[in-house]
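Structure record follows, encoded as structure tokens.
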Amino acid sequence: MHPAVLGIITIIVGVGGCVGYFYGANLFLDKVLFPAKGPNAGRNINRANIIRPWLFLLPAMLALGLYLAYPVFATLRLSFLERLPGNQYAFVGFENYTRMFAEPKFMEAMRNNILWLIVVPAASTALGLLVAQLTDRLRWGSIAKSIIFMPMAISFVGAAVIFKLVYEARPEDVAQIGILNHLYLLFGGAEPQQWLTIPFWNNFFLMIVLIWIQTGFAMVILSAALRGIPEETVEAAIVDGANPFQIFFKIKIPQIMGTIVVVWTTITIATLKVFDIVFAMTNGQWETQVLANYMYDKLFRANDWGMGSAAAMIIMLLVTPILVWNVHNARKEMR
Amino acid sequence: MDGLSGQKPAVVWALNISVIALVLLWIFPTLGLFVSSFRTGDQITASGWWSAMFPAEQTLQFRAIDPDDNRIETDAGVFVVEGNVFDGGDALTIDSWGTSSRALDAYQIGDTADLGDGETLILNTDGSYIWQGDDEQISGRGQRLFINATVPPDFTLDNYSFVLFDEDNSEGMAKAFFNTLTVVIPATIIPILIAAFAAYALAWMDFPGRALLIAAVVGLLVVPLQLALIPLLSLHNAIGIGKGYLGVWLAHTGFGLPLAIYLLRNYMVGLPRDIIENARVDGATEFQIFTKIILPLSFPALASFAIFQFLWTWNDLLVALVFLIDSSGQTTVMTKQIVELLGTRGGDWEILATSAFVSIAVPLIVFFAMQRYLVRGLLAGSVK
């Protein structure tokens, strides 16, 4: 069948199925199971109202359970197993983990991931805050923000191509077509550099791509937070003779600290999962491996499900503190 | 009022200039790719894209016309071929020229190139040449000519027609574009519907365990989808879906749901309580309240999530790699196609830039058209 036809059928079946399920289940509940008439009308209405929320929640709970909750446990289980020929599994305890920790490529991925986790959220948040503050009272500020926000819409793969062109190096005797090398030579560099192949520093050239994308996100949220600051606090500071920097660091920042933390953690999660950029630009060569790409390598290139799952569990482990913190905050809010 | 943008003109100037610098820094990389997608491969390698607006020096390769058909015997044993390298095209300003790829700029205009054993070639300003030699020399294939000329700025749409519409181009983007669209539309619509009902239940219905479920959704929000790859692929294989559109639709639905439920619930909770209570008092069923009141009022939140999910599924690589693309390559999506091109056509920037821009263009249009909703959604999702 032609995929387009299949797609249209899926939309019709999916949407129709959902609507039909919700409508039909409600109808069934109200008319057949617990009809709101007859001798037990009152009791029936109450019973129907106890069941109804679960009717509304059922598809979502099934999908969430199957596609997000179950895999966490399945992956945990797989990380303790070794796949044997013929779809058999053997329990190997922590062997996948010990093997993985012994691999230099894994330690490299860990080191790089930690670097990413330190640099990207900090740089994106700081730059986003800077732009948000600078454009706050600018007449054309919204245009500037639009442009800095734009990379949000660009795929990691698209961004990888964009920055590959920026980093492109050509032999010394012909024209440079990568802007970075062009500027490097212009400002006294000796010879064109293959930026992505310089160990250690190439990590930063990859991080720039993610920072470029995430700064807009940080800016949008922090800009809204800055606008939410009560004018009186700033005015009072001006009256007291505070200079602009004091106002920014001592008055504004403390008031939006909560938002800064939210932005920081959100970008941290995005950074932890970074895959496409490394996959498309270096594929982990020249010591640029990161956990997500390492895991993909193990799962689908080396076909080692045990070690791949162990790597995935490491990512999960790193996310867990933020998960707990988020849940804690959400519960506090609801009280 | 504001701390940094005081009344002093110098400060205002500094502020404007630094924002301009930041904006330029942010737009420059994308602009480079955009400009490159309208240049030919020769132009891209000859000069940086930033000089595309100005004339540039390029080395062009020509071959003299077929000597066997066009040669004229002027004297006994002396054959001559005359022609013009710019035949049928615009004349360019020639700076220097050569006859071998090892010495591209060996000669000036008016020089006579000595090709050995009395064979000669003369090139004039207007591009006309005279190639002279004996019977054996002036035969076979035409003499090669390398001309260094100043080429005026020139933009072309050929890359786009090649990448999108050329039937013979096996690496074209047309099919991948279509496949991406096929993935994206159901994967955007279905989670919205499922999430809207769940969000309503979590926002406005009272039942035991509600707080726990909301906490679970918040928790699932950050679970890396990397964990889901192998268990779900095995599951899909076990129940016979295998790799394909159905699998990728289901996967995107599952992965998109936490954010959808979270965003929609946050929005619905903020709707005025009176409307809903009044409707209940008037005897409306929950289903009616949902479809007639909540859904229309929640349009901004629905639009925000729709944009998120659209951008995310359109730009996704990992989920498509794992759940959709099989070895036949028939179901490849644009992101995968571009990664493939980065491997096989790493130096052909005209193809790479154009292909990348084809995939970037649609999200950019959506972004600029619906930025308001996107910002609103971001704020609802992060700031509480």
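The values are calculated or read from the model by the stated rules, or taken from the named source; none is laboratory data. Remember, it's a predicted structure, so these values are computed and weren't measured experimentally. FYI the Cβ positions are ideal-geometry reconstructions off the backbone, even for glycines, and counts take in every protein chain you see. Keep in mind that these areas ignore ligands, DNA and RNA; they rest on the heavy atoms of the full protein, side chains included. Shrake-Rupley method; radii C 1.70, N 1.55, O 1.52, S 1.80 Å.
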Crossing angle, helix B:349-369 versus chain B [Cα axis fit, 0-90 degrees, rounded to tens]: 30 degrees
Estimated vicinal HN-Hα couplings, Hz - the stretch B:240-250 in sequence order (Karplus 6.51, -1.76, 1.60; Gly, Pro = x): x, 6, x, 8, x, 4, 4, x, 6, 5, 4
21 Å Cα-Cα threshold exceeded, pairs from A:K298/B:K336; A:K252/A:K273; A:K164/B:K175; A:K105/A:K298: A:K252/A:K273; A:K164/B:K175
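So what is the 222 nm mean residue ellipticity for chain B from helices alone, if each DSSP H run of at least 4 adds -39500 (n - 2.57) and you divide by all residues, rounding to the nearest 500 deg cm²/dmol?
Computed ellipticity for chain B at 222 nm equals -16000 deg cm²/dmol.
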Net charge dipole size for chain B [Lys, Arg +1 and Asp, Glu -1 on Cβ; Debye, nearest 20]: 3800 debye
Over chain A, relative contact order from alpha-carbon pairs under 8 Å, at least 6 apart, %: 22 percent
Residue among A:K250, A:K31, A:K164 with the largest mean-square fluctuation in a Gaussian network model of chain A, springs linking Cα atoms under 10 Å: A:K31
Cα centroid separation, the stretch B:301-318 to the stretch A:281-335 (Å): 22 Å
For the stretch A:1-56 and the stretch A:220-272, distance of Cα centres in Å: 47 Å
Dipole of the stretch B:163-382, positive direction: furthest Cα of B:L250, B:I261, B:L193, with charges on the beta-carbon: B:I261
Helix-only mean residue ellipticity at 222 nm for chain A, each DSSP H run of n ≥ 4 adding -39500 (n - 2.57), per residue, nearest 500: -22000 deg cm²/dmol
Centre separation in Å (Cα based) which lies between the stretch A:65-111 and the stretch B:11-81: 52 Å
Amide proton proximity set for A:Y89, modelled H, under 5 Å, gap of 5+: A:L84
Percent accessible area from carbon and sulfur atoms, the protein assembly as shown, protein chains only, probe 1.4 Å: 63 percent
Nonlocal amide H pairs with B:V222, under 5 Å, H built at 1.01 Å: none
Rg to Rh, two decimals, where the stretch B:9-52 supplies the alpha carbon set and Rh follows Kirkwood: 1.24
HN-Hα J in Hz across the stretch A:112-127 - Karplus 6.51, -1.76, 1.60, θ = phi - 60°, x for Gly and Pro: 5, 4, 5, 4, 4, 5, 7, 7, 5, x, 5, 5, 5, 5, 5, 5
Solvent-accessible surface (1.4 angstrom probe) belonging to A:H328, in square angstrom, nearest 10: 110 Å²
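Below 8 Å, C-alpha to C-alpha, sequence gap of six or more: please give me the relative contact order for the stretch B:302-384 in percent.
41 percent
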Among B:V11, B:V366, B:V19, residue whose mean-square fluctuation peaks in a GNM of chain B (springs only between Cα atoms under 10 Å): B:V11
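For the stretch B:9-52, what does the accessible surface come to per residue with a 1.4 Å probe? Please give it in Å².
That works out to 42 Å² for each residue.
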Interatomic Cα distance distribution for the stretch A:96-334, bins of 5 angstrom, percent: 1, 6, 11, 13, 14, 14, 13, 10, 8, 5, 3, 1, 0, 0
Amide H partners (placed H, <5 Å) of B:V78, local residues excluded: none
HN-Hα J in Hz across the stretch A:271-287 - Karplus 6.51, -1.76, 1.60, θ = phi - 60°, x for Gly and Pro: 5, 4, 8, 4, 9, 4, 5, 5, 4, 7, 8, 10, 6, x, 6, 6, 6
Accessible area per residue, Å², the stretch A:10-49 with all protein chains present, probe 1.4 Å: 60 Å²
Interface residues in the stretch A:109-143 - accessible area drops by 50 Å² or more relative to the isolated chain, probe 1.4 Å: A:L134, A:R137, A:L138, A:W140
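Of all the stretches in chain A, which is the longest one without any exposed loop site, taking chymotrypsin sites (Phe, Trp or Tyr not before Pro) in a DSSP loop (any state but H, G, I, E, B) with at most 14 other Cβ atoms within 10 Å?
No qualifying site falls inside A:201-335, the longest such stretch.
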Helix B:299-315 vs. chain B, principal-axis angle (Cα, 0 to 90°, nearest 10): 40 degrees
Two-decimal Rg to Rh for the stretch B:168-309 - Kirkwood Rh, Cα set: 1.07
Chain B - percent relative contact order, Cα under 8 Å, separation 6 or more: 19 percent
Accessible surface of B:D166 - all protein chains present, 1.4 Å probe, nearest 10 Å²: 60 Å²
Cα gyration tensor shape for the protein assembly as shown, rounded if a/c is under 1.5, else prolate or oblate: prolate
Residue among A:L78, A:L134, A:L57 with the largest mean-square fluctuation in a Gaussian network model of chain A, springs linking Cα atoms under 10 Å: A:L57
Spacing of the two label points (7 Å from each Cα toward its C-beta) at B:K292 and B:F54, in nm: 7.0 nm
For A:D276, solvent-accessible area (1.4 Å; no DNA, RNA or ligand), Å²: 20 Å²
Cα shape, the stretch A:3-78, gyration tensor, a/c 1.5 rule: oblate
Accessible area buried, both sides summed, chains A and B with 1.4 Å probe, Å²: 9700 Å²
1.4 Å probe, heavy atoms, protein only - residues of the stretch B:11-58 losing at least 40 Å² accessible area vs chain alone: B:L15, B:N16, B:V19, B:L22, B:V23, B:W26, B:I27, B:P29, B:T30, B:L33, B:T45, B:W50
